[in-house]
1. Between residue 149 and residue 61, what length in nm is gained on full extension when 0.36 nm per residue of separation is reduced by their alpha carbon distance?
2. Say R0 is 22 Å: what FRET efficiency, to the nearest 0.05, do residue 138 and residue 27 get from their beta-carbon distance?
3. Would you pull out the residues with amide H under 5 Å of residue 31's amide H, same chain only if 5 or more places away, H placed 1.01 Å from N?
4. Want the number for residue 14 to residue 102: 0.36 nm per residue separation, take away the alpha-carbon distance, what's left?
5. Could you work out the relative contact order of the chain, using alpha carbon pairs under 8 angstrom and six or more residues apart, expressed as a whole percent?
6. Between residue 51 and residue 117, what length in nm is gained on full extension when 0.36 nm per residue of separation is reduced by their alpha carbon distance?
7. Give a residue-ordered list of calculated ³J(HN,Hα) values for the stretch 66-76 (Karplus: 6.51 cos²θ - 1.76 cosθ + 1.60, θ = phi - 60°; whole Hz; x for Gly, Pro).
8. Once both axes come from the Cα atoms, what is the angle between helix 81-93 and the longest principal axis of the chain, in degrees from 0 to 90, rounded to 10?
Amino acid sequence: MAPHLPLPDDATADPTLVREYAAAREREGSVMAILRALGPRAELVRAFLALSEAALYGPAALGRRERELLALATSQANEADYSAAVHGALLDELGGGPHAGERDQALADFARRLTLAPREAPGAVTALRAHLSDAEVYDAIAVVGLLNFANRAALATGITPADDLR
């Protein structure tokens, strides 16, 4: 395992980042380690949160459970245990998955293929369009892209659930 990078915390972060951490505690009850894995720049934390809201949690053509299914499949493909645990728990709260249906299988296959073989993206999109509308495919692309970014930050910094700040 790569050496664990020192993660910002309330004692080492600048005041702007400390405010972001305080807002995270107010929203979620803790500062998730993934926010710490983005490093000392508050603007990256804010941008990540805004993109996460748009791609994962906000209104979209693709349902919330299906977006979490994509997040979990992407994290599993990357062997990003921290993110897989987070998104697996969220998926369980939303009804679990993947279900045996073709649509769920197509979503999971798309996440794995786009993650592990990005040069195969055109074929992956074509395969997914057989099951989803174009608007839903765009949502799937956004989720997989976001999770690949987050997974790389998590893996590069070596975060674990113990790095969440209460």
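Bear in mind these aren't lab numbers, they're just calculated from the coordinates by the rules spelled out. The shown structure was predicted, so the numbers you read here are calculated from the model rather than taken from an experiment. Note: ideal-geometry Cβ built from the backbone for every residue, glycine included; neighbour counts use all protein chains shown.
1. Numbers: separation 88, 0.36 × 88 = 31.68 nm, distance 2.19 nm.
Computed gain between residue 149 and residue 61 is 29.5 nm.
2. Values: r = 27 Å, r/R0 = 1.21.
Once rounded, the FRET efficiency stands at 0.25.
3. 165, 166
4. On the way: separation 88, 0.36 × 88 = 31.68 nm, distance 4.80 nm.
Gain in length upon complete extension: 26.9 nm.
5. Reported as a whole number, the value is 34 percent.
6. Values: separation 66, 0.36 × 66 = 23.76 nm, distance 2.34 nm.
Taking 0.36 nm per residue and subtracting the Cα distance, the gain is 21.4 nm.
7. 5, 5, 5, 4, 4, 4, 5, 4, 5, 5, 5
8. Once rounded, the angle reads 60 degrees.
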